[in-house]
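Read the structure below first, then the notes.
Where a number appears in this text, it was derived from the coordinates with a stated rule and is not lab data. Keep in mind it's a predicted model, so treat the numbers as computed, not measured. Cβ atoms come from the backbone with ideal geometry, glycine included; neighbour counts cover every protein chain shown.
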Amino acid sequence: MPLQLEIVTPERLAYSDTVDAVFCPGFDGELGILPHHAPLLSILGLGELRIRKGGQEEYFAIAGGFLQVRPDKVVVMAETADMAAEIDLEAAEAARREAERVISEGYAEPADLARARATMERALLRIRVAERRRREGPRSRA
């Protein structure tokens, strides 16, 4: 029995389909959700979300939010969710370089430094997820 999965952000429905398994970056480590999982509500961290469907895996870069597991559905409510195939690697690299510049200058206000560090973390995540997708291609699992 597959799982119904929805990944939503404040801007859009990023994904909706039935899947075999979902692996999410929880606040304290990775969470694996399989069919018949107990109901659950959890905080999500910054990291890679993996979806397994029909022997294939797809990846998302997600930042924060919540995971809700219900008897009929798994809902990921993330601040951001970028499918690996849709990540603009050049834009992520540019965001990383700009964040590095702000951090290395050392003249920014504390709030600006915090924002630059958060931008850097998200850019590095997007780069990692996009590069894995390019390196491995759609991954098949036997």
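Results, tabulated for the structure shown:
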{"item": "The chain: relative contact order in percent, alpha carbon pairs under 8 Å with at least 6 residues between", "result": "22 percent"}
{"item": "Beta bridges per DSSP with both ends in the chain, % antiparallel, nearest 5", "result": "90 percent"}
{"item": "Pair SER104, LEU41: separation of 7 Å Cα→Cβ label points (nm)", "result": "4.5 nm"}
{"item": "Tilt relative to the chain, helix 110-136 - C-alpha long axis, 0 to 90 degrees, to 10", "result": "50 degrees"}
{"item": "Segment 3-85, relative contact order [Cα under 8 Å, separation at least 6], %", "result": "32 percent"}
{"item": "Values of log10 I(q)/I(0), in the order q = 0.18, 0.28, 0.34 Å⁻¹, for segment 1-45 under a Debye, Cα-only, solvent-free model", "result": "-0.61, -1.18, -1.20"}
{"item": "Contact order normalised by residue count of segment 87-136, Cα under 8 Å, 6+ apart, percent", "result": "50 percent"}
{"item": "Size of charge dipole - segment 8-69 - debye, nearest 20, with Cβ of Lys, Arg +1 and Asp, Glu -1, no other charges", "result": "100 debye"}
{"item": "More than 15 Å apart - percent of Cα-Cα pairs taken over segment 87-136", "result": "44 percent"}
{"item": "Tilt relative to the chain, helix 89-105 - C-alpha long axis, 0 to 90 degrees, to 10", "result": "40 degrees"}
{"item": "Value of Rg/Rh across segment 3-85 [Cα atoms, Kirkwood radius]", "result": "0.91"}
{"item": "Total charge dipole magnitude, the chain, about the Cα centre, Cβ charges on Lys, Arg, Asp, Glu only, Debye to nearest 20", "result": "420 debye"}
{"item": "Positive-end residue of GLY64, VAL75, HIS36, charge dipole of segment 7-82 with Cβ unit charges", "result": "HIS36"}
